[in-house]
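**Student:** Have a look at this one before I ask anything.
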Amino acid sequence: MQSVLTQPPVKTVQAKSTEEVIRGQMKIMHRTLKVVTDSRVELHNISDRVRDQVRASGIKAGFLILSTLHTTTALFLNEFQAALMADLTECLERLVDADDGYLHNCEDCSDCERKNADAHLRATLLGHNVTVPIHDGEITLGQWQSILFAELDGPRKRTVTAHLIGV
């Protein structure tokens, strides 16, 4: 018997296209943002701080690449709304139980004294980098999108790097 795979029809949508030539000298800048956390798990909206960095850079068109320098923190885009943040925190706790007998937490298997395997695993699920376009000197986000920083092993002092590339 032969298996037949079918795919749903794909709709073609006419997209608005604009072409703009921006002349100027290419800039590549590096900035750091410090985040101080008070709890083991916290979610912070860093959009305004990032927006200020982009505006101050003078870059009108390009890209912003954000990276967290810690293996137990994360960066991602989503809506910053209290109920959703509570849901996300609960979801992460369900997906990665803090007390699940991880080898990273075992004294015989690892030299880590923090017993923070759950934080490492949660950070891996969320990711450590975000790239956002810069257009007309502003970061380009959807109506409900925010740039979110997740602390998963606090309280700590954390660093996020911002690389701005553009003209």
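Each value in this text was obtained by applying a stated rule to the coordinates, not by laboratory testing. Everything numeric here is computed off the predicted structure, so don't read it as measured data. Cβ coordinates were reconstructed from backbone atoms using ideal geometry, including for glycine residues, and neighbour counts include every protein chain displayed.
**Student:** Take the Cα coordinates of region 27-166, assign each an equal point scatterer, and use the Debye formula without solvent to give log10 I(q)/I(0) at q = 0.11, 0.15, 0.21 Å⁻¹.
**Tutor:** So the normalised log intensities are -0.44, -0.75, -1.23.
**Student:** Something else about it: Tally Lys and Arg at +1 and Asp and Glu at -1 over the other residues with C-beta under 12 Å from the C-beta of SER39: what net charge comes out?
**Tutor:** Net charge in that neighbourhood comes out at -2.
**Student:** Obtain the nm distance between the two label points defined at SER17 and HIS104 by a simple spin-label model: each point lies 7 Å from its Cα along the Cα-to-C-beta direction.
**Tutor:** Here the modelled spin labels are 4.5 nm apart.
**Student:** Distance in nm between label sites at GLU113 and ALA86, each 7 Å beyond Cα in the beta-carbon direction?
**Tutor:** Taking the simple label geometry, GLU113 and ALA86 are separated by 3.7 nm.
**Student:** Another question, if that's okay. Distance between Cα centroids, region 6-42 to region 139-164: provide it in whole Å.
**Tutor:** 13 Å
**Student:** Each residue of region 157-167 in order: what ³J(HN,Hα) in whole Hz does its phi give by Karplus 6.51 cos²θ - 1.76 cosθ + 1.60, θ = phi - 60°, with x for Gly and Pro?
**Tutor:** With the stated coefficients, region 157-167 comes to 9, 10, 10, 10, 9, 10, 10, 10, 10, x, 10 Hz.
**Student:** Helix 47-57 versus the longest principal axis of the chain: what is the Cα-based angle in degrees, 0 to 90, to the nearest 10?
**Tutor:** Once rounded, one gets 50 degrees.
**Student:** Anyone know which of ARG122, ARG114, ARG31 comes out most mobile in the 10 Å Cα GNM of the chain?
**Tutor:** Evaluated over the chain, the most mobile residue of the options is ARG114.
**Student:** I've got another one for you. How large is the helix-only mean residue ellipticity at 222 nm for the chain, computed as the sum of -39500 (n - 2.57) over DSSP H runs with n ≥ 4, divided by its residue count, in deg cm²/dmol to the nearest 500?
**Tutor:** Calculated at 222 nm, the ellipticity per residue is -6500 deg cm²/dmol.
**Student:** Give me the extension gain from LYS27 to ASP52: residue separation times 0.36 nm, minus the current Cα-Cα distance, reported in nm with one decimal.
**Tutor:** In short, 7.3 nm is gained.
**Student:** Show me, for region 34-40, the HN-Hα J-couplings you get by feeding each phi into the Karplus relation (A = 6.51, B = -1.76, C = 1.60, θ = phi - 60°), rounded to Hz, glycine and proline as x.
**Tutor:** 9, 10, 10, 10, 10, 10, 5
**Student:** Relative to the first principal axis of the alpha-carbon coordinates of the chain, what is the inclination of helix 117-126, with its axis defined by its Cα atoms, in degrees from 0 to 90 and to the nearest 10?
**Tutor:** Tilt of helix 117-126: around 20 degrees.
**Student:** How would you classify region 72-128 from its alpha-carbon gyration tensor, with a ≥ b ≥ c the square roots of the eigenvalues: rounded for a/c under 1.5, else prolate if a/b is greater than b/c, otherwise oblate?
**Tutor:** prolate
**Student:** Let me ask something else about it. Could you tell me which Cys residues in the chain have no other cysteine's Cβ under 4.7 Å from their own Cβ, answering none if every one has a partner?
**Tutor:** Cysteines of the chain left without a disulfide-compatible partner: CYS91, CYS112.
**Student:** On a 0 to 90° scale, report how tilted helix 82-95 is relative to the longest principal axis of the chain, with both axes built from alpha carbons and the result rounded to the nearest 10.
**Tutor:** 50 degrees
**Student:** Would you grab the residues whose amide H sits under 5 Å from the one on PHE80? Only those 5+ places off in sequence or on another chain, please, with H modelled 1.01 Å from N.
**Tutor:** SER146
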